[in-house]
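What follows is a single structure, written as structure tokens, with notes after it.
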Amino acid sequence: MTTYGDWNGTIGRTVEDSTPDWPEPIHPGEAAPNVVVVLLDDLGFSQLGCYGSSIDTPNIDALAADGLRYTNFHVTPLCSPTRAALLTGRNHHAVGMRGVSNMNSGFPNLTGQISDHAATMAEVLHDEGYSTFAVGKWHLAPMEQCSAAGPYGQWPLQRGFDRFYGFLDGETDQFSPSLTYDNHHIDPPKGPDEGYHISEDIIDKAIQFMHDSVSVRPDRPFFLYAAFGATHAPHQAPRSYLDKYRGAFDQGWDDVRAEWFARQQELGLHIEGTQLAPRNPGVEAWDDMPEVHQRLAARLQEAFAAFLEHTDAQVGRLIDSLRNLGQLDNTILMVLADNGASQEGGPFGVMHEMKFFNGILETPEQAIDHLDEIGGPHSHTNYPWGWAQAGNTPFKWYKQNTHEGGVHVPLVVHWPEGLGDFGGELRHQFHHINDIAPTIYEACGVAPKDTYRGREQMPISGTSLGYTFTGTDEPSRKEVQYFEMGGHRGIWLDGWKAVTRHEAGTSFDDDTWELYHVAVDPSECTDLAASNPEKLADLIDCWWEEAELHGVLPLDDRMLQLFGTRHRDRSPHPASRHYVYRPPIAPLPSQAGASLGGRSFDAIATVRREAGQGGVLFATGTE
């Protein structure tokens, strides 16, 4: 006898002898909130206006005025790991994302993709009846799998999202991006001369996705994951925004950092006694710098500020759309960053960020002739260390580091129907990026299943922030949190933190650990390692225990060496392969094509053309 799964009707010889059955539609409930997560890239703790900055971010500031600002929220020090932890509620090593998705070390903690034993928030919410959309940066699929040849298993639509519009790699040109629409690559709808910018484009699509869903299924809630390319390099913005900030940072990073810290204190973001950390090694005093260095550095910071304000304007458009749809009040809207401000501009800043990654030091004297290109379509800039540390005020160090400058970021939560009368308040409890998914599950009344698509699911390691929505003074329910990136390590436990910076290529046994009582010294200014060795030893032991528990091991300080390597065993794109490309063909990510970097190669083109025909035969990169 044929069986039909969950169908509960009966079948006789005729329809008159039979009983139909319609399955109950999957639906999370009439009161289930929408969820919108806005993730900003490489944004330091102090760079939003509501966190002390002089950069105009009125739309995010307005969310904070009606919502909650978290002053003790933490992430991993790098983009893909934070995104993996955000979307799964697990620690990044456990789900296979020790580094960025361009890397695969051959160990379970770095596969370049999220484990199938860790369902994403999109997968969980989709199975509960949510519509799910993602726009912007993905960076959670191995880039060798991101060509039109696939495989597609780690693309957004295969990890729980109904729709996707954005880019798959870690960064892209904001004026001429590499775009993917659902499961296929497309050209930008217009060029920079016609006013195109990807931040505007992805919000256009986000608004369309929401309108499509709410118009047709107004009873069905949605989850929107909006991950801007901003404010990751390249720092690019429309000319009107660049012009607004001309001269705004001529006083230099020392004065700006002091002003932002004073504003943070006025806003109540720090406990009494918090100090401004000293300048990081390699950051010069502004007044000691040559004038040409100052001019270049100030202009690079202007481009960053313009980029951030332009991004805030797109967040404002998203908020307006939610309001016009009548959805804003019952939408959990979170704005946060993936890591602290970037150190990838080096000591002077760069006109093209790839020079930093290739070990090429561009001097200000070389770059100054291109000053007026900064922020436009013919630049790929990142600012110098001094401005990055100002962006991380009051902390030290940067993105990639496990000190607070790399991992301590803003978090704004806005949800009128869920926060009651607590809007506009601060929350000081310690929390981490792996706490976002369990927070959303709790708010939506969702219990993730023990298995997903037949695969047993690893435990969620995060702790819900839900208790903070309506309470101010309760101690953090987070018990412990480790940090690790490229050998840099740290651990937080009950208001104490042990942390170390690791020099790649040296023994981990030679690392010098520091100890801070961050409950009273959040900017890590007073190292207590020498005066309290017992506490330090306990925390180091705890770090190793957490490392064993969450798949951190083996420790591995290789980063750039693993980036895009084709020389590993069983690479799908071995360096020895011969390729023939025939038009028409979709754009190829560099890791999914012929291996050109760091080696000699031959390229042979066979061309048939009619008189007057012309065009590009081969191009890689944007400039």
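The values are calculated or read from the model by the stated rules, or taken from the named source; none is laboratory data. Being a predicted model, the structure only gives us computed values, none of them experimental. Here Cβ is always computed from backbone atoms with ideal geometry, including for glycine, and neighbour counts include all displayed protein chains.
Reported count of residues in the stretch 56-104, each being within 12 Å of HIS432 (Cα to Cα) and modelled with pLDDT under 95, is 0.
Taken across the stretch 594-607, residues that are under 14 Å from MET103 (Cα atoms), of a type in the set (Phe, Trp, Tyr) and at pLDDT below 85 do not occur at all.
Picking from LEU157, LEU224, which residue would you name as being in contact (Cβ under 8 Å) with a residue 24 or more places away in the chain and assigned to a helix (DSSP H, G or I)? Break it down into steps so the answer makes sense when it comes.
Details: LEU224 fails: assigned to a helix (DSSP H, G or I).
Step by step, each of LEU157, LEU224 is checked, and only LEU157 is in contact (Cβ under 8 Å) with a residue 24 or more places away in the chain and assigned to a helix (DSSP H, G or I).
Within the stretch 354-377, being in a loop (DSSP other than H, G, I, E, B), charged (D, E, K, R) and closer than 18 Å to GLN174 by Cβ holds for no residue.
Are any of the residues in the stretch 188-197 part of a loop (DSSP other than H, G, I, E, B) and acidic (Asp, Glu)?
The initial filter retains those residues of the stretch 188-197 that are part of a loop (DSSP other than H, G, I, E, B), namely 188-191, 195-197.
Within this subset, residues satisfying the condition of being acidic (Asp, Glu) are none.
No, every residue in the stretch 188-197 fails to be part of a loop (DSSP other than H, G, I, E, B) and acidic (Asp, Glu).
Checking each residue in the stretch 578-619 for being surrounded by 10 or more Cβ atoms within 10 Å (Cβ to Cβ) and aromatic (Phe, Trp, Tyr) picks out TYR579, TYR581.
Of a type in the set (A, V, I, L, M, F, W, C), surrounded by fewer than 17 Cβ atoms within 10 Å (Cβ to Cβ) and modelled with pLDDT of 90 or more: is that true of ILE368 in this structure? So ILE368 fits the description; yes.
For the stretch 282-303, the condition holds for at least one residue, the condition being that it is assigned to a loop (DSSP other than H, G, I, E, B), in the same structural domain as ARG83 (by TED's automatic domain parsing) and closer than 30 Å to SER80 by Cβ. Hey, among the residues in the stretch 1-19 that are in a loop (DSSP other than H, G, I, E, B) and more than 30 Å from GLY445 (Cβ to Cβ), which one's modelled with the lowest pLDDT? Going through the qualifying residues, I end up with MET1. Among the conditions (1) hydroxyl-bearing (Ser, Thr, Tyr); (2) touching a Phe, Trp or Tyr at 6+ places or on another chain (Cβ under 7 Å); (3) crowded, with 18+ Cβ neighbours inside 10 Å, THR439 misses just one, which is (2).
Would you mind stating whether ARG239 is under 19 Å from HIS408 (Cα atoms) and assigned by TED's automatic domain parsing to the domain that holds PHE348? Let's see the steps before the verdict.
On the way: under 19 Å from HIS408 (Cα atoms): no; assigned by TED's automatic domain parsing to the domain that holds PHE348: yes.
Criteria not met by ARG239.
Scoring PRO572 on the criteria (1) exposed (fewer than 14 other Cβ atoms within 10 Å of the Cβ); (2) in contact with a helix residue (DSSP H, G or I) (Cβ under 7 Å, 6 or more places away or on another chain); (3) assigned by TED's automatic domain parsing to the domain that holds MET485 leaves a single failure, condition (3). Considering each residue of the stretch 200-214 in turn, at least one proves to be touching a Pro at 6+ places or on another chain (Cβ under 8 Å) and either free of Cβ contacts under 8 Å to residues at least 40 places away in the same chain or hydrophobic (A, V, I, L, M, F, W, C) (or both).
From PRO238, PRO234, which residue is modelled with pLDDT of 95 or more, within 22 Å of the chain's Cα centre (by Cα) and not basic (Lys, Arg)?
Going through PRO238, PRO234 in turn, the sole match is PRO234.
Hey, among the residues in the stretch 209-231 that are buried (at least 17 other Cβ atoms within 10 Å of the Cβ) and among the β-branched types (Val, Ile, Thr), which one's farthest from the chain's Cα centre (by Cα)? That would be VAL214.
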